[in-house]
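The values are calculated or read from the model by the stated rules, or taken from the named source; none is laboratory data. Values in this document were obtained by computation on a predicted structure and should not be read as measured data. Here the Cβ positions follow ideal geometry from the backbone for every residue, glycine too, while neighbour counts run over all protein chains shown. Quick note on the areas: whole protein, heavy atoms, side chains included, nothing else; ligands and nucleic acids left out. Shrake-Rupley method; radii C 1.70, N 1.55, O 1.52, S 1.80 Å.
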Amino acid sequence: MVERTLAIIKPDAVEKHAIGDIIRMYEGAGLRPIAIRMMSLSKACAEGFYAVHRERPFFNDLTTYMSSGPVVVLVLEGADAVKVNRDLMGATDPKKAEAGTIRALHGASIEANAVHGSDSVENAKIEISYFFAESELG
Ligand code: ADP
Ligand code: MG
């Protein structure tokens, strides 16, 4: 099934000049970018995006980190895009991520782990609409 998923290249990966390598990995895995925007998230925007994690102990640190520098927000399209992207990303903790995954290659810590990826088709729809209008998707 052709699906869409939302990805974010997080501030640590932008800072270390890994944007190009990460987009190359998406394209190499058959995930076609259909929208790309570089932006700086306000703290409130990061809090809204991660609202499901509101009660988690790391919520304040996470949203401070996500608003600490520019990010690249992308919509990726392809067969089984949600799962293909989650597999390509690797585990949340880069130390536990499989070799060759984006987080193993570019993640710095369990918080600064290089990328976000939607975890279901349903959440992908919500996350895509948080950042993009339908008319912005190529
Ligand atoms: P994933 O991004 O793999 O879907 P989660 O949805 O569980 O992981 O968490 C969202 C984000 O919160 C993670 O990508 C990471 O940046 C941060 N995070 C998750 N767990 C922790 C933790 N134990 N300590 C600090 N930050 C965390
Ligand atoms: Mg998640």
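Are there any helices (runs of 4 or more DSSP H) wholly within the stretch 1-118 with 3 or more residues that are among the charged types (D, E, K, R) and surrounded by fewer than 19 Cβ atoms within 10 Å (Cβ to Cβ), and if so which?
19-28, 81-89
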| note | All-but-one check, Asn123 against (1) touching a residue at least 24 places away in the same chain (Cβ under 8 Å); (2) outside any loop (DSSP other than H, G, I, E, B); (3) open to solvent by 50 Å² or more (accessible area, probe 1.4 Å), failing number (1)
| Got a number for residues in the stretch 64-109 being under 16 Å from Ile8 (Cβ atoms), without any contact (Cβ under 8 Å) to a residue 40 or more places away in the chain and within 14 Å of ligand 2 (Cβ to nearest atom)? | 5
| task | Output the number of the condition that Glu136 fails; it satisfies all remaining conditions of (1) open to solvent by 30 Å² or more (accessible area, probe 1.4 Å); (2) within 15 Å of the chain's Cα centre (by Cα); (3) away from ligand 1 (no atom under 13 Å from the Cβ). | result | (2)
